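Student: Can you keep this structure in mind? I'll have questions shortly.
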Amino acid sequence: SELIRGFLLSGMPCPSSCPPGLLALMAPGLALMATFSLPSQAGDRRVLPVEKPPGVKGRTLILLDVNTKSPVRIISENFLSLQLDPSIIHDGWLDFLSSRRLVTLARGLAPAFLRFAGKRTDFLQFHNVKNPAKSRGGPGPDYYLKNYEDDIVRSDIALDKQKGCKIAQHPDIMLELQREKAAQMHLVLLKEQFSNTYSNLTLTARSLDKLYNFADCSGLHLIFALNALRRNPNNSWNSSNALSLLKYSASKKYNISWELGNEPNNYRTLIGRSVNGSQLGKDYIQLRSLLQLIRTYSRANLYGPNIGRPRKNVIALLEGFMKVAGSTVDAVTWQHYYIDGRVAKVTDFLKTRLLDTLSDQIKKIQKVLNTYTPGKKIWLEGVGTTSAGGMNNLSDSYAAGFLWLNTLGLLASRGIDVVVRHSFLDHGHNHLVDQNFNPLPDYWLSLLYKRLIGPKVLAIHVAGLQRKPRPGRVIRDKLRIYAHCTSYHNHNYVRGSITLYIINLHRSRKKIKLAGTLRDKIVHQYLLQPYGKDGLHSKSVQLNGQPLAMVDDGTLPELKPRPLRAGRTLVIPPLTMSFYVVKNVNALACRYR
């Protein structure tokens, strides 16, 4: 019996020296092994201690199986989505969204939503100016060096001549001037953010055209958050400016979804008066009525109320909103930042209790929705690793990926339909793409997720062997394992394949043996590690030992897997993130959309 138990737990094949009748005993033994593993929801990492069999010398071996019969959750095809902050109007980057390189990078993350919203949403005013660039006149001689504004004029005129998707090739000197301007504006934007006082922003018709062109060219669906702080004397929403924007967008036949405001729980600190949940609900009903009056948007989606962290007062606001307008919105939204970017340290990104803070927030939001609108979809919008714009060499480094990938896994396993990452490109250090238009580690992590992960979430079952058994310690704290059906859009894998993604926060490697339906299958490894001497602070990554970089402005690199032979133990290096596609599982849950 000890021999049987040892082979079952190790996953090793029975050698030729097995006594007669051993194979006949294997079936009940497998049933016994299932009792060591806790049936769980996807992403659950509980583990029971089991006795170490003879021959296993002090190593940690995790046995992993996946329930392939049916998914436990099905999330949106646009689950991983993106955000742009209105600050790109202030610092000038909106004028460069037509860059071929930026469009290529955004296209790599499609299909997705593109949410245009942030702290400055409620200071944004639309101004319907027709072709302001042309009215300023054309550029003079030596325009690259003489006048930055002339550069923008010339670029706009060239774009106007294009039909369909409008792509620009900006000269290097033009980008250098823009980076200088953005660096100066960065200080202004940070001062506004820390003082919580924001200046008004003007969005022109031409700027809206550029924003929509970027989304449309990239295969992203634009969600536009309207200014909710334009108020009448009785504190009701003044919709006059929003109506002007809606009419212009409809005249251009722009396919847009809508929101109203950003973090309404903070309005008192912004303007000195609050907007309670009941009033906000009435404002949303008013917006829905406006949309229904405009044929283009009569069936447009409306999302909200985009509250902040669900503390007691915020939950009260959400409850008031749901009582009045719960049936008006197509999904309920909130946002979350893990760390104050002004005080973040690299060790913060490795703290397991920090990774788990999101779980309590999900429970609070779900409790409110279950009371007022059971079954309503929930979105996490504006999520970032750090607040206050992030911190250089931290929130834009490899280390930040632990929080980001765990966020994706946790939210999917809890049935959150969409997560919107703040931000694709902005003035801080929480972005996916830097101001040289180079992808950062979280971009490559997101690209791998998009290429390999499908919307169907699967339950996992784990059991572990340890020198000194401590229940839950190996799996739950520092080794995070999630499973999905492999993306149907990835034609390198047949339907029925499964993708695992694993976060190892241990400072030692961990070994995983695939069991049950995953046993003896060929596996493709996608191991993402920091590249260069900066380690966890690195802004570059390598995939299976090869550094990742764009081929050219219009081409992303091929993401090449490392094939592992059937039955091989997965060895997870310390402090890494990895994806494993288990081929040809023929999982029933994954055969059909």
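The values are calculated or read from the model by the stated rules, or taken from the named source; none is laboratory data. From a predicted model like this one, the values you see are computed outputs, not experimental measurements. Cβ coordinates were reconstructed from backbone atoms using ideal geometry, including for glycine residues, and neighbour counts include every protein chain displayed. Note: accessible area is taken over every heavy atom of the protein model, side chains too, but ligands, DNA and RNA are not part of it. Shrake-Rupley method; radii C 1.70, N 1.55, O 1.52, S 1.80 Å.
Student: If you go through segment 79-97, how many residues are touching an Asp or Glu at 6+ places or on another chain (Cβ under 9 Å) and in a loop (DSSP other than H, G, I, E, B)?
Tutor: Here the count works out to 3.
Student: Tell me the residue from T385, T373 that is among the β-branched types (V, I, T) and under 24 Å from R120 (Cβ atoms), please.
Tutor: Just a single option satisfies the conditions, and that option is T385.
Student: Do any strands (runs of 3 or more DSSP E) lying entirely in segment 239-348 carry at least 1 residues that are buried (at least 17 other Cβ atoms within 10 Å of the Cβ) and charged (D, E, K, R), and which ones are they?
Tutor: Strands (runs of 3 or more DSSP E) meeting the threshold: 256-260.
Student: Being at pLDDT below 95 and under 23 Å from the mean Cα position of the chain (by Cα) is the filter here, so list the residues in segment 556-593 that pass it.
Tutor: The one that is at pLDDT below 95 and under 23 Å from the mean Cα position of the chain (by Cα): R593.
Student: Taking segment 175-224 only, how many residues are open to solvent by 50 Å² or more (accessible area, probe 1.4 Å), assigned to a helix (DSSP H, G or I), in contact (Cβ under 8 Å) with a residue 12 or more places away in the chain and not hydrophobic (A, V, I, L, M, F, W, C)?
Tutor: Total meeting the criteria: 3.
Student: Also, I was wondering about something else. Of all the residues that make up segment 547-572, how many are open to solvent by 30 Å² or more (accessible area, probe 1.4 Å) and over 30 Å from S98 (Cα atoms)?
Tutor: Adding up the residues that qualify gives 8.
Student: Quick check on my filter: what residues within segment 306-363 are aromatic (F, W, Y) and under 19 Å from the mean Cα position of the chain (by Cα)?
Tutor: W334, Y337, Y338, F349
Student: Y488 is checked against (1) more than 17 Å from L458 (Cβ to Cβ); (2) in contact with a Pro (Cβ under 9 Å, 6 or more places away or on another chain); (3) part of a loop (DSSP other than H, G, I, E, B); (4) not aliphatic (A, V, I, L, M) and fails just one. What number does that condition carry?
Tutor: Going through (1) more than 17 Å from L458 (Cβ to Cβ); (2) in contact with a Pro (Cβ under 9 Å, 6 or more places away or on another chain); (3) part of a loop (DSSP other than H, G, I, E, B); (4) not aliphatic (A, V, I, L, M) one by one, Y488 breaks only (1).
Student: Those residues that are open to solvent by 10 Å² or more (accessible area, probe 1.4 Å) and assigned to a loop (DSSP other than H, G, I, E, B), I need them from segment 109-126; list them, please.
Tutor: A110, P111, K119
Student: Name the one entry in A182, A205, A158 that is within 24 Å of H429 (Cβ to Cβ) and out of contact with any Leu (no Cβ under 8 Å at 6 or more places or on another chain).
Tutor: Step by step, each of A182, A205, A158 is checked, and only A182 is within 24 Å of H429 (Cβ to Cβ) and out of contact with any Leu (no Cβ under 8 Å at 6 or more places or on another chain).
Student: Let me confirm something: among Y493, Y501, Y526, which residue is outside any strand (DSSP E or B) and open to solvent by less than 40 Å² (accessible area, probe 1.4 Å)?
Tutor: Y493
Student: If you check every pair at least six apart or on different chains, which have Cβ atoms under 8 Å apart with a residue in segment 547-570 that is under 30 Å from Q169 (Cβ atoms) and assigned to a strand (DSSP E or B) first and a residue that is open to solvent by 50 Å² or more (accessible area, probe 1.4 Å) and of a type outside the set (D, E) second?
Tutor: Final answer for the pair search is P547/Y531; P547/S540.
Student: What are the residues in segment 573-584 that are of a type outside the set (D, E, K, R) and within 26 Å of H491 (Cα to Cα), if any?
Tutor: M577, S578, F579, Y580, V581, V582, N584
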